[in-house]
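Input: a single structure, listed below in structure tokens.
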Amino acid sequence: VDAFQAWSGPCKTVVRLFQKIKNEIGSDLLHFAVAEVDSIDALEKYRGKCEPVFLFYAGGELVAVVRGVNAPLLQKTIVEQL
């Protein structure tokens, strides 16, 4: 989940990265979503930050968090979680 604030918008660069990874891996287990933290109470702790936050869930549980746009770390985290 790309957790973003309304004033900054979702990270378009990472959307392309996720699409590339999904095409390469071809896994039905990988899903990408965006969530505006300003309108979701459960994501309140991510408000007021100027860096993007990427939340990784498995089985409904938060399993990893990556702060900032770090493509190698995001790719590594995705592969590890799959």
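The values are calculated or read from the model by the stated rules, or taken from the named source; none is laboratory data. As the structure is a prediction and not an experimental result, all values here were calculated from the model. With ideal geometry, Cβ positions are generated from the backbone for all residues, glycine too; neighbour counts draw on all protein chains shown. For the accessible areas, the whole protein counts, side chains as well, though only heavy atoms, and no ligand, DNA or RNA atoms are used. Shrake-Rupley method; radii C 1.70, N 1.55, O 1.52, S 1.80 Å.
Evaluation of Leu29 against the conditions (1) of a type in the set (A, V, I, L, M); (2) open to solvent by less than 100 Å² (accessible area, probe 1.4 Å); (3) under 18 Å from Ala64 (Cα atoms); (4) at pLDDT below 80 shows that the sole unmet condition is (2). Could you identify the single residue in Leu43, Leu29 that is aliphatic (A, V, I, L, M) and not in a helix (DSSP H, G or I)? On inspection, the qualifying residue turns out to be Leu29. The residues on offer are Val69, Val1, Val79, and the sole one that is in contact with a strand residue (DSSP E or B) (Cβ under 7 Å, 6 or more places away or on another chain) and surrounded by 13 or more Cβ atoms within 10 Å (Cβ to Cβ) is Val1.
Taking (1) open to solvent by 60 Å² or more (accessible area, probe 1.4 Å); (2) free of Cβ contacts under 8 Å to residues at least 24 places away in the same chain in turn, Val15 satisfies each apart from (1).
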